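What follows is calculated from the coordinates using simple rules that are stated; it is not laboratory data. In this text, all values refer to a predicted model and were calculated from it rather than measured experimentally. Neighbour counts run over all protein chains shown; Cβ positions are idealised from the backbone, glycine included.
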Amino acid sequence: MFRGIWRRLVRLFQNLFGKRQEVRPKPEATATPKPLEDADYEYLFRQLLEGVAHGWQQARIVQFFDGLKGRTTHAEWVGWLSRFGEKVLASRASNRELAMRLVQVGEAMQSIPSIREIGEAAYKIGQQVLTREHNGIVWEYDGPDG
């Protein structure tokens with residue numbers, strides 16, 4: 001009996017003073033994300049290089065690219081890699097470690113059909129950098145053997 005009276009009193013006060021409800025904005029339709037810029041590609045690609053250097057297997061590499069679907073395409077990756085390769089090759093700094101990682105990524109991706117073209121582009125850049133850094137000079141020691 002007291003519960004019924006109590007509920008009626010609560011409803012009466014709610015009706016008199018109004019029950020305040022939080023106004024929550026309605027979620028808008030998911031907007032398409034903005035396209036990636038070169039800095040975004042470089043950041044993501046360096047994550048990929050680090051991952052492969054730390055032992056990412058093919059399934060993890062595919063997962064990496066699957067996570068980026070909707071933001072970029074394979075053709076855009078290849079285009080960015082071309083621009084990135086030009087920048088790396090124009091640099092006078094030694095990029096041997098980067099080149100070795102590019103080759104490693106290229107080799108890891110060569111047997112994954114869905115992303116093979118990205119791996120081939122990375123592999124070519126790595127090979128070009130390695131070839132450029134090896135200028136044909138062979139150092140020989142002319143001193144007495146110990």
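For the pair V62/R116, report the inter-label distance in nm, with labels modelled 7 Å from Cα in the Cβ direction.
1.4 nm
Treat each spin label as a single point 7 Å out from the Cα along the C-beta direction, and report the L12 to K124 distance in nm.
For the pair L12/K124, the computed spacing is 8.4 nm.
Tally Lys/Arg at +1 and Asp/Glu at -1 over every other residue whose Cβ is under 13 Å from the Cβ of T131; what's the total?
Values: positive: R96, K124, R132; negative: E133.
Its environment carries a net charge of +2.
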